[in-house]
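The next block holds one structure in the form of structure tokens; read it before the comments.
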Amino acid sequence: MAMPVAAYGTFAAASDRMGHVAVPLSGRLVRHGRGDEAIEQIRTHPEGDTWYAAWSRSELLATAGRAEEALAVLERHPAGNASLRAGLLVGLRRIGEAVQVLQQGPPPEPADDPRADTGTCSTEPPF
């Protein structure tokens, strides 16, 4: 069963697009009982501390029973993850904080959000 994990690792080592395999590799590592290795894989990835890696990293940490660390990761990147933060806070029995997070307005999207509307979209084909 370790072969799929090794295949991801081989591809990742030979590719400058590790981001495409970091999350699936981490999932495989977790399924093979290597959760700490999966967390480290995401943490040390060049994009491991970005807003878009925060969801995966926090999920791995929470699954490993490290909810406080998972919450800290999400708090560094609050845009678009209020429900995840609130869920972790509820799990930590910090209900008042969870309610407060959910009642806050959404923070602005990160400047490097590829989904952000920059106003430079063309209305001419091709879109």
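Some notes on this structure:
- Residue among ASP36, ASP117 that alone is over 14 Å from the mean Cα position of the chain (by Cα) and at pLDDT 85 or above: ASP36
- Options VAL90, VAL99; residue that is of a type in the set (Val, Ile, Thr), under 18 Å from SER58 (Cα atoms) and at pLDDT 65 or above: VAL90
- Filtered by the rule that a residue be crowded, with 18+ Cβ neighbours inside 10 Å and among the basic types (Lys, Arg), the range 90-103 gives no residues.
- Among residues of the range 40-89, those that are of a type in the set (A, V, I, L, M, F, W, C), over 22 Å from LEU29 (Cβ atoms) and exposed (fewer than 15 other Cβ atoms within 10 Å of the Cβ), counted: 1
The values are calculated or read from the model by the stated rules, or taken from the named source; none is laboratory data. The structure presented is a predicted model; accordingly, all values stated were derived computationally and were not measured. Glycine gets a Cβ as well: all are built from the backbone with ideal geometry, and neighbour counts include every protein chain shown.
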